[in-house]
Amino acid sequence: MTEFIIGKACADVSQRLRAKLLKDVKTGKSVTLIVPDQYVFETEKLLYRALAETGDTRLFACISVTTFDK
């Protein structure tokens, strides 16, 4: 299911998105996050660190960070 998380500037949409992704992954769902080309590595690193804080780095395999091809 496609879900959009939107908000105004300074609404901390990124934190809400991370929390939602981690919650879904912990319940056994696979998650795909689409980001601009230049943010793929940084987004993967951020999500891995968030999982490392909870001790669940094995769940990183359920997360796919991808980008649009031109």
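The values are calculated or read from the model by the stated rules, or taken from the named source; none is laboratory data. Source: prediction; values computed, not measured. We place every Cβ from the backbone using ideal geometry, glycine too, and count neighbours over all the protein chains shown. Calculation scope for accessible area: heavy atoms of the full protein, side chains included, ligands and nucleic acids excluded. Shrake-Rupley method; radii C 1.70, N 1.55, O 1.52, S 1.80 Å.
Things worth noting here:
- With all protein chains in place and a 1.4 Å probe, the accessible surface of region 10-57 carries 52 percent carbon and sulfur.
- The chain: calculated mean residue ellipticity at 222 nm from DSSP helix runs of at least 4, using -39500 (n - 2.57): -13500 deg cm²/dmol
- Efficiency of FRET between Lys23 and Asp69 - r from beta-carbon atoms, R0 35 angstrom, step 0.05: 0.75
- The chymotrypsin sites (Phe, Trp or Tyr not before Pro) found in the chain that occupy coil by DSSP, while having at most 12 further C-beta atoms within 10 Å, are Phe4, Phe68.
- Scalar couplings 3J(HN,Hα) for region 29-36, obtained by applying the Karplus form with A = 6.51, B = -1.76, C = 1.60 to θ = phi - 60°, are 7, 8, 10, 10, 10, 9, 10, x Hz; x denotes Gly and Pro.
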